[in-house]
Structures are given as structure tokens and as C-alpha cells.
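Quick notes on the structure that follows.
The values are calculated or read from the model by the stated rules, or taken from the named source; none is laboratory data. Here the structure is a predicted model, which is why all the values come from computation and not from measurement. Every residue, glycine among them, receives a Cβ derived from its backbone with ideal geometry; neighbour counts consider all protein chains shown. Heads up: the accessible areas ignore ligands, DNA and RNA and are worked out on the full protein's heavy atoms, side chains in. Shrake-Rupley method; radii C 1.70, N 1.55, O 1.52, S 1.80 Å.
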Amino acid sequence: MKKSTKKIALLCASLVVMMLISFAVTAFAADEAAELPKYYGTAWSLLAPVIAIVLALITKEVYSSLFIGVLVGAMFCADFKPVAAMDYLVNDGLISAVSGTAGIFIFLVVLGILVSLINKAGGSAAFGVWASKNIKSKIGATISTFVLGILIFIDDYFNCLTVGTVMKPVTDRHKMSRSKLAYLIDATAAPICMIAPISSWAAAVSSYAPEGQGLSLFVKAIPYNFYSLLTFVFIIAITFMKFDYGPMKAHELSAMKGDLFSGQKVGADEESVSSKGKIIDLLFPVVALIVICVLALIYVGGFFSGAGFIEAFGDTDATVGLPWGGIITLVLTIVYLLCRRTVTFKEAMECIPKGFNAMVPAILILTLATSLKNVTGLLGSDAFVEGALANAGAFHNFLPAIIFIVAVGISFATGTSWGTFGILIPIVLGIFPVGSEIGVIGMSACLAGAVCGDHCSPISDTTIMSSAGAQCNHINHVSTQLPYALTVAAVSFVTYIIAGFIQNWMIVLPIGIVLTLATLFVIKAVTNKNEA
């Protein structure tokens, strides 16, 4: 298996080199690039992310796979002129990615430092001791992680990193693999944000709807957001049924034997900690972070300048608000821990590079993934999708299911939920009468598909954050959660077909729940039979 993987990786690298050599003859004779790339708005616009995803899943190596994807996208943008391609790669790809997500990088680093401080102060260890007395089983640890993920519905980035920080000591004690923890984080982060009316996601969705109707349409769409809702049903069901399947099962078996990382440890958890640590040393930073980040988000949105709470969330910028909240919380936490005398000033300062180092893999992956999104956007993937859906009106009752699949594909290939519903919501509102039941179902299908594709994609920022929050190898996380996400996606697709004909969520949602449970019972029976 390893030899074949190396051969595939070598072949891919050779192909890239040959492509560069073959196009080098035009390097210095290129005319100025056309206003739009030659392949703009065609199926080729999605080839670069597809290559990156396939390579990542085959080679299990995410950095080179993403870089090759960005390089291929840049060459398509430049019509295979190498010098122009390098310009796209560096300026439109990497530099734009760093500048566009600098705020999230700062927030990631601050979170890494906070985690290091909490660990050093003994807060995580104290919480682990408390949890061992009060959370008696692996089921309890799973449900606690799930509930915490549901409660932090303000923002998915914040959700991923906070849940991971709080729950790692608990899940480790009950021998849950980091892959399973990463799945639980990922499966609650975006889905809960997509059905919470007060969240950065709700604000973003509302901005694409007709003025004054955004929030009401979002609320009406919640009970039809089958992927998000059925994901929660799925988590609860497999927890109480006490079974896993696919690659996740192997990771859980390894964890039961003491290998929580399945041989792919990320970062270092072991370090000397203060013996004075108490649970409050974990709770204070986490609660402070939640409160201050919410205040920072609405401040950036203009709440303290006269805007309403919902309006402030609609106009906020998480890349500004979250670093605001993170930096203030970090300063308060350092002062608090120094006053508690659980860490010295020198130890607190030593946590800064440790926290940064812990987040370097996530920052690198996020930079390359964002670069890939940038070059894909330059190739007009949104125009291609709009044209593909333009002739689908003949299948009126099947449109919700078709929209769901299209949204899954776009979100998976581009790694962005927000970009996906930004493309599709105007199209959906143009296909269906605004406010009609079938229109609400179509909008929900768009939102659910965007979350599903984002959940599955190895280049999704939420997926990357979930790996970082759980300190799990990124490819391990992607490969273990993919069968679970696809199971719920298949059930959701069938449910949207039904919803296209029975336009009543009170009938269709229970059908979806029954289908989810029935699917799991079948999978469990088949798995047990194969093992017998």
C-alpha cells in the first residue's frame, strides 16, 4: 500500500513538472492576460480543488496536495503561461489568502496560547479530575462534547477550538480517539450555526435574501435543514447504539488500546503543570472568551453605535471581532493566573511560542486552502453552477434534492459553505416564489448542502479548525468522518425528494429521523455479520 501511494505521489509530481516544462516555451512571449481566464465559467473551474482533494485522500499528505491544487488553478487562470501563473499563485493565491484571513490567524494563535496557559496552570488537569468523578462513561463524555458543541452556536471557528480545549481531558480519560473527538466537534460546529438564528452564519445567510426578509426566511428554513438536524440524530444514535463503522472503528479500537492519535500525534500535550490548578482556571478563560467575543462581534457590527442586536450580527466581521475578543481575553487570563499564582510571568511568556507552534499546521493548511478557494473563484465556478442550474426548472418537485446535491458538490470542491450559499441563494430565490413553501425548502436544501460539503471537504476551514481543536491529524479526521457525513447526506437527499412532494416539515422531518435510525440499524447488522 505504501509503495503504491509513493508511486501515485511521484506520478503526480512528475506530471506537474512535465506540464511546467511543456508550457515554459511561452514563458516570456505571453501577451497580457485576458480580462477573464479562458476557462472561466466552465467545468474546468472545479478541476483544481478536485485534484487537491483526491491527492490528499490518496497520499495522506495535505500540504503538497493543496499546493499542487493551487498551482493547477493558477495555471488555468493564466492560460498555462508560467510567469503569469506564478503571479496568480503568489499574488492572487498565497498573499491574498494571508491578508484575507490574517484576523483568523491571530485568533488561532491566541487560542493556542490560551490552551497552553490553561494547561500550564493546571486547569485542564483539574477539569479532567472533576470529569472523572462526574462523567462516568464514554457515552457521558460523548454526550457532554455534543451538548457543549450545541451550546456554542455563535460562530463555528470559535466552537471548534473552544470545544476541543474543554473536552480533550475528558475524552482522553475515557479513551476516545482524537479522530472521534474531531468528528464530534466538526459535526456540531457548522450544523448548529446553520440552525441558530443568532449566529454569524444566520447573519450571512440573511444578507443574501430580499431586504427585510432575511431572518424570517432563515427561521422558516430551520426545520427543513435536514442535514444539520439529522446529523444530531445520527450522533445521538451511534452513541447509544455503541458502535462505529468504517475507518473510525479502527481508530476507536486503537484508542481503547491507548493510542488516541492512531499513530499520528499532533503537537505535544505532556508538560509540567501547576499543582495549584482548579476548574475555575479553565472556566474563567473560556467564559471570558465567550462573553468578550460576543461583545466584540456586535461592537464591530455597530451595536454600540445604535444598530440593533440582529443588525449588528448581520454587519459584523468575524475576522476582526474574534481577534478583538481573543486578545482582550488573553491579557485578562494572564493577569488572572498571575494573581492566582498558578503560573509565573516567565511561564506565561513561554506559553506564547508554544501556543503559536501548536497552531502552525492549521495556519499552513488554512493558508493553502484559502489560496485554492481564491484561484477557483477567479475561474468563475459560480458562473458555471448558475448556468448548470438554469435548465433544471422542468424538474420542479425534484429541485430541492437537486439543489442539495449541487450545493454539496460546490462546497466540497471549494471548501466553503458561505461561498456556496452566496452563489446559490440568489439562484434559488429566482427559481421559486419568495416565501412559498417550496421556496423555503429549496433555500434549506441550499444551506444544508453547503454545510454537508463543507463537513466532508478536507480543504474546508471548519474541518481544518476541528482537526486543530482536537489536535488530530487532519487526514485522519477527514477519512474517518467522511463515511459518517455521507451516510447522513444520503438520507438527507432522499428526505429532500420526499419534501419536494410533501411540503410539510412536520411530516417529512420525522420520516427523515426514521430513515436515519433504520439506516444505522442496517449498517450495524451488516457490520456485525461481516465480523462474525
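Read through the list (1) in contact (Cβ under 8 Å) with a residue 40 or more places away in the chain; (2) open to solvent by 30 Å² or more (accessible area, probe 1.4 Å), then give the number of the only condition that Val287 fails.
Going through (1) in contact (Cβ under 8 Å) with a residue 40 or more places away in the chain; (2) open to solvent by 30 Å² or more (accessible area, probe 1.4 Å) one by one, Val287 breaks only (1).
Could you say which residue among Val522, Val428, Val488 is out of contact with any Leu (no Cβ under 8 Å at 6 or more places or on another chain) and within 30 Å of Ser262 (Cβ to Cβ)?
On the way: Val428 fails: within 30 Å of Ser262 (Cβ to Cβ); Val488 fails: out of contact with any Leu (no Cβ under 8 Å at 6 or more places or on another chain).
Every option except Val522 fails the conditions.
Would you mind stating whether Thr333 is out of contact with any Lys or Arg (no Cβ under 9 Å at 6 or more places or on another chain), surrounded by fewer than 18 Cβ atoms within 10 Å (Cβ to Cβ) and of a type outside the set (D, E, K, R)?
Criteria not met by Thr333.
From (1) at pLDDT 80 or above; (2) surrounded by fewer than 23 Cβ atoms within 10 Å (Cβ to Cβ); (3) more than 22 Å from Ala489 (Cα to Cα), pick out the condition that doesn't hold for Gly263.
(1)
Condition first: open to solvent by 20 Å² or more (accessible area, probe 1.4 Å) and in contact (Cβ under 8 Å) with a residue 40 or more places away in the chain. Now tell me which residues in segment 149-167 satisfy that. Lay out the reasoning, then the answer.
Taking segment 149-167 first, the residues open to solvent by 20 Å² or more (accessible area, probe 1.4 Å) are 150-151, 153-154, 157.
Hits for segment 149-167 are Ile150, Phe153, Ile154, Tyr157.
For segment 425-522, which helices (runs of 4 or more DSSP H) that fit wholly inside it have 2 or more residues that are crowded, with 19+ Cβ neighbours inside 10 Å, of a type in the set (A, V, I, L, M) and in contact with a Cys (Cβ under 6 Å, 6 or more places away or on another chain)? Steps first, please.
On the way: elements: 437-456, 461-470, 474-501.
Per the criteria, 474-501.
Does Val70 satisfy the criteria of being in contact with a helix residue (DSSP H, G or I) (Cβ under 9 Å, 6 or more places away or on another chain), at pLDDT 85 or above and open to solvent by less than 10 Å² (accessible area, probe 1.4 Å)?
Values: in contact with a helix residue (DSSP H, G or I) (Cβ under 9 Å, 6 or more places away or on another chain): yes; at pLDDT 85 or above: yes; open to solvent by less than 10 Å² (accessible area, probe 1.4 Å): yes.
Yes, satisfied.
Taking only pairs six or more apart or across chains, which ones have beta-carbon atoms under 7 Å, a first residue in segment 333-347 that is closer than 11 Å to Lys120 by Cβ, and a second residue that is aliphatic (A, V, I, L, M) and outside any helix (DSSP H, G or I)?
Final answer for the pair search is Leu337/Val343.
Just to check your reading of the model, which residue among Ser124, Ser144, Ser132, Ser137 is over 23 Å from Ile292 (Cβ atoms), of a type in the set (Ser, Thr, Tyr) and modelled with pLDDT under 80?
Numbers: Ser124 fails: over 23 Å from Ile292 (Cβ atoms); Ser144 fails: modelled with pLDDT under 80; Ser137 fails: modelled with pLDDT under 80.
Going through Ser124, Ser144, Ser132, Ser137 in turn, the sole match is Ser132.
Which condition number does Ile95 fail, the rest of (1) under 25 Å from Val300 (Cβ atoms); (2) at pLDDT below 85; (3) not aromatic (Phe, Trp, Tyr) being met?
(2)
Assess whether Ser199 counts as being in contact with a Cys (Cβ under 6 Å, 6 or more places away or on another chain) and at pLDDT below 90. Let's see the steps before the verdict.
Details: in contact with a Cys (Cβ under 6 Å, 6 or more places away or on another chain): yes; at pLDDT below 90: yes.
Judged against the criteria, Ser199 is a match.
For residues in segment 175-194 being over 15 Å from His477 (Cα atoms) and at pLDDT 85 or above, which is least open to solvent (accessible area, probe 1.4 Å)? Walk me through how you get there before you give the answer.
In the first step, residues of segment 175-194 are kept if they are over 15 Å from His477 (Cα atoms); the result is 175, 190-194.
From the residues that got through so far, the ones that are at pLDDT 85 or above too are 175, 191-192.
On the way: Lys175: 89, Pro191: 1, Ile192: 17 Å².
Ranking the qualifying residues of segment 175-194, first place goes to Pro191.
Being open to solvent by 30 Å² or more (accessible area, probe 1.4 Å) and touching a Pro at 6+ places or on another chain (Cβ under 9 Å) is the filter here, so list the residues in segment 89-118 that pass it.
Taking segment 89-118 first, the residues open to solvent by 30 Å² or more (accessible area, probe 1.4 Å) are 90-92, 94-96, 98-100, 102, 106.
Hits for segment 89-118 are Ala102, Ile106.
Which of the residues that make up segment 214-260 are open to solvent by 40 Å² or more (accessible area, probe 1.4 Å), more than 20 Å from Met176 (Cα to Cα) and β-branched (Val, Ile, Thr)?
Correct list: Val219 only.
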